[in-house]
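Quick notes on the structure that follows.
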Amino acid sequence: MVHSMTGFGRKESTLFSKKIAVEIKVLNSKNIDVSLKLPFEYRSLEQPIRTLISTQLVRGKVEFAVYLEKSPPSEFTSEINEEKTRQYMSQLQRLVPTLKESDSLQMAMNMPHVLKEKEGELPPQEINSLLELTKEALEEVVAFRKNEGNALAKDLQKHILQMNTLLADVEKKDPERKIKIKERLQGELDTLTQKVDETRLEQELLYYIEKYDISEEKTRLKAHLEYFQSVLDADAPHGKKLGFIAQEILREVNTIGSKAHHFEIQKSVVLMKETLEKIREQVLNVL
């Protein structure tokens, strides 16, 4: 079963007067590449979240974000940063020696980082809630990848069918190609007016026969196409393997094109390359 590399998932919950939203976006990448955007309160959960993502998604450029909306607090949750306040007051009084202490205090209270949130441990229920939201969002991503993968699989199967059709055309035209090559060689031999070494001539003919023969390339190409289809039907992630098989398919197609010396077969080779380019583009999206 094919899964797409791209995916999206979002889950929301309300807990302790906080609205928490977990959002996950996944794009193509050769390996797993995770980028986290967490509120300060949840920085301690970075490693458990990374572990969950790496286990579920395997590959992809992952953008993970937690959005937090807090309701107005029912109690005072900030405290004065005394050290920072004194520093501001000292600097102000150095700049303006005549400044009264009460005035410098009032001005310092408007400076950045004077008020800070009281630090405390996250309640276990809030930790579990965030991790559960992460799991649910990951499940949405996996489902998204599966649906996208079904469409990818249909498209790839269509292209593989086209490749097999074009290969059948090549096989159909190959006997005619061999006859034309034989006639051309025979014509060249008929133009010889001097006696030639029969042994040397036989060696040269064998060389040209081998040079123009595409039987092995056709056999290998057919095997590669069958292998591609079997990997496409497998359950495990296989995007990289499909990419390697596509490279081998291109190798055989190029060799057929260089050895064919036949216009109709060359046309089929061009269409094969065009179809194969579509396959390689789509394989980049496969997990």
If you go through 159, 113, the only one that is of a type outside the set (Asp, Glu), in contact with a helix residue (DSSP H, G or I) (Cβ under 6 Å, 6 or more places away or on another chain) and surrounded by fewer than 14 Cβ atoms within 10 Å (Cβ to Cβ) is 113
Check: residue 214: more than 14 Å from residue 159 (Cα to Cα), touching a helix residue (DSSP H, G or I) at 6+ places or on another chain (Cβ under 6 Å) and among the β-branched types (Val, Ile, Thr), yes or no?
Finding: yes
Going through segment 242-256 in order, the residues found to be over 26 Å from residue 33 (Cβ atoms), surrounded by fewer than 20 Cβ atoms within 10 Å (Cβ to Cβ) and not hydroxyl-bearing (Ser, Thr, Tyr) are 248, 250, 251, 254
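Do we find that residue 165 is farther than 30 Å from residue 3 by Cβ, modelled with pLDDT of 90 or more and of a type in the set (Ser, Thr, Tyr) in this structure?
Values: farther than 30 Å from residue 3 by Cβ: no; modelled with pLDDT of 90 or more: yes; of a type in the set (Ser, Thr, Tyr): yes.
No, not satisfied.
Determine whether residue 193 is surrounded by fewer than 12 Cβ atoms within 10 Å (Cβ to Cβ) and either at pLDDT 75 or above or in a helix (DSSP H, G or I) (or both). Please lay out each step first, then the result.
Details: surrounded by fewer than 12 Cβ atoms within 10 Å (Cβ to Cβ): yes; either at pLDDT 75 or above or in a helix (DSSP H, G or I) (or both): no.
In short, no.
For segment 122-129, check the following and say yes or no: at least one residue is of a type in the set (A, V, I, L, M), over 24 Å from residue 68 (Cα atoms), in a helix (DSSP H, G or I) and modelled with pLDDT of 85 or more.
Taking segment 122-129 as the starting set, the residues that turn out to be of a type in the set (A, V, I, L, M) are 122, 127.
Filter again for over 24 Å from residue 68 (Cα atoms), leaving none.
Looking through segment 122-129, none of the residues is of a type in the set (A, V, I, L, M), over 24 Å from residue 68 (Cα atoms), in a helix (DSSP H, G or I) and modelled with pLDDT of 85 or more.
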Scanning segment 7-53 residue by residue, the ones that are small (Gly, Ala, Ser), more than 15 Å from residue 137 (Cβ to Cβ) and touching a residue at least 60 places away in the same chain (Cβ under 8 Å) total 1
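The values are calculated or read from the model by the stated rules, or taken from the named source; none is laboratory data. All figures in this text were calculated on a predicted structure; none of them were measured in a lab. Using ideal geometry, Cβ is built from the backbone for each residue, glycine included, and neighbour counts are taken over all protein chains shown.
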